Amino acid sequence: MGNSTSSSAPQPGSLDGPQLPPEIQDRIIDFLHGDPTTLRSCALTCRAWVPSSRYHLFNVLEISEFGRVPLYSAFASILHTSPHLGKYVQALTLNVTWEDQDHISNSLSFIARRLGNVRMLTLNGSRNSPHTVNYTTYSQFRSVTNLRLNVTFSCCDDVASLFRALPGVEELRVQSINIEGNPSADQVSELLSSLPALRRLWVDGFFEHLTMAKLFLKPLPALEGFAMTLFSSGHVTTLAHILPVLARTLKNLTINFVYMDNDAQIPYHRALLAESVSACTSLRSIRFTCDHALSWVLKFLAQVNYTQVECVTFDAYVPAKFYKDVSSLDHILSPFTNPRYRNVQKVELTLHFSPRIPDSGFNAELVTQAIQSRLPDLRGRLVLKVFKVSGPYAGLPDTSHVIIA
């Protein structure tokens, strides 16, 4: 019996003792998503941890050229020796500010053939490095559904080639597109038609040699969501002319008010944009964000007609000059007392109050109660969030808040 007992006991270094289920081990590794050093250690610890570790190491990948370090060539070499790593890459960022384009183009072509699961593709560039598109290379990324652009193209045909190479794109986010030369309105207006599956479009920045009006001369039958950042009265006017073209299919609209110059104070611009938004009778959801020009935006909100809209979201930064005490809320909330909100099923109101407001004069709970008492018609439909920002406002508050539905 002594021998039997001895043989059944776990030996030092054996794996016969209690072990965590594989799904728990994978979940633990998930928490290391932003720690590549530890993930590399996990991948070398045991064979069972390799797939989860590699998933997080290669899931989001950015490739650049830094000085003399040929990172495109280096990653191509990695894929040559370990081609199975390509299946882990789902989000790829290519910084295309290069001089030796032929050298990088060859490496990129090799890389593209071995990445068959990329869903998000981001192209970053500079004005001084126009990007020439190789259709054959980019057509290897046909799995891409999300495309983000901040790049200069050599000509309008390069943009068209890129879009034709990625017919599955459903979401396009444009921070900036610069096209060398002076493309005609006909050339520009055909670009988005090369993306037949496009459903959501974000325009975050400026266009050079490419006006928004040219881009939207023709309707986009599949487009359901559109977002645009407004920096000036010129953007306000442009958006007002774009919306009628998209009105028939547009269901979700986001307008980010970043800055309104003096010209934008003219009531004509507000009325023009409000009329265009109101004419989009297919809209079901509208989201407004406001980092500056709160007074301008509040006047604009009071002019919009929400006949068919089901959800209205307003996310705004409230400067110190707008808040002295709870009585100051009357001006901020005035648009939401309008009968036009009567048919809206849900109103999401988020207010980020300036850190310059003295703590002695601000209490999040009291402000929340004051807002609720001033909007009795929205009872049961209001989702309210009140923040007191503790540092420079960056759109992401870092203090406690009150949420009341």
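The values are calculated or read from the model by the stated rules, or taken from the named source; none is laboratory data. Just so you know, these numbers come straight off a predicted model, no measurement behind them. FYI the Cβ positions are ideal-geometry reconstructions off the backbone, even for glycines, and counts take in every protein chain you see. Note: accessible area is taken over every heavy atom of the protein model, side chains too, but ligands, DNA and RNA are not part of it. Shrake-Rupley method; radii C 1.70, N 1.55, O 1.52, S 1.80 Å.
With the other protein chains left in place, how much accessible area per residue, in square angstrom, belongs to segment 257-390 at a 1.4 angstrom probe?
Computed with neighbouring chains in place, this is 47 Å² per residue.
Could you calculate the contour length gain from S41 to R164, that is, 0.36 nm times the residue separation minus the distance between their Cα atoms, to one decimal place in nm? Kindly include the intermediate steps, with their values, before the conclusion.
Numbers: separation 123, 0.36 × 123 = 44.28 nm, distance 4.14 nm.
The S41-R164 span can extend by a further 40.1 nm.
Cross-link list K214/K321; K321/K385; K87/K251; K87/K218; K214/K346: which exceed 32 angstrom alpha carbon to alpha carbon? Kindly include the intermediate steps, with their values, before the conclusion.
Details: K214/K321 40 Å; K321/K385 20 Å; K87/K251 35 Å; K87/K218 38 Å; K214/K346 35 Å.
Checking Cα-Cα distances, K214/K321; K87/K251; K87/K218; K214/K346 exceed 32 Å.
With θ taken as phi - 60° and the coefficients 6.51, -1.76 and 1.60, list the Karplus ³J(HN,Hα) couplings across segment 318-333 in order, rounded to whole Hz; mark glycine and proline as x.
Here the 3J(HN,Hα) series is 9, x, 4, 5, 8, 9, 9, 7, 4, 5, 5, 5, 4, 5, 5, 8 Hz.
Name the residues whose placed amide hydrogens come within less than 5 Å of the amide hydrogen of T122, ignoring near sequence neighbours (fewer than 5 apart) on the same chain.
L92, T93, L94, R148
Pull out the extension gain between S354 and T249, defined as 0.36 nm times the separation in residues minus the alpha carbon to alpha carbon distance; nm, one decimal.
Going from the current span to full extension adds 34.0 nm.
Give me the extension gain from D30 to T313: residue separation times 0.36 nm, minus the current Cα-Cα distance, reported in nm with one decimal.
98.6 nm
Determine the sum of side-chain charges near L20: Lys and Arg each +1, Asp and Glu each -1, restricted to other residues whose C-beta is under 13 angstrom from that of L20.
-1
Could you work out the relative contact order of segment 22-68? I mean the mean sequence separation of Cα pairs under 8 Å and 6+ apart, divided by the number of residues, in percent. Each step should come with its number before you reach the end.
Working: 29 pairs, mean separation 14.9, N = 47.
After rounding, I find 32 percent.
Please find the FRET efficiency linking N106 to Q175, where r is the Cβ-Cβ separation and R0 is fixed at 25 Å, and quote it to the nearest 0.05.
On the way: r = 28 Å, r/R0 = 1.10.
E between N106 and Q175, to the nearest 0.05, is 0.35.
Ignoring everything but the protein chains, give the 1.4 Å probe accessible area of I63 in square angstrom, nearest 10.
Roll a 1.4 Å probe over it and I63 shows about 10 Å².
Of all accessible surface on segment 19-168 at a 1.4 Å probe, what whole percent is carbon and sulfur?
With neighbouring chains kept in place, the figure for segment 19-168 is 53 percent.
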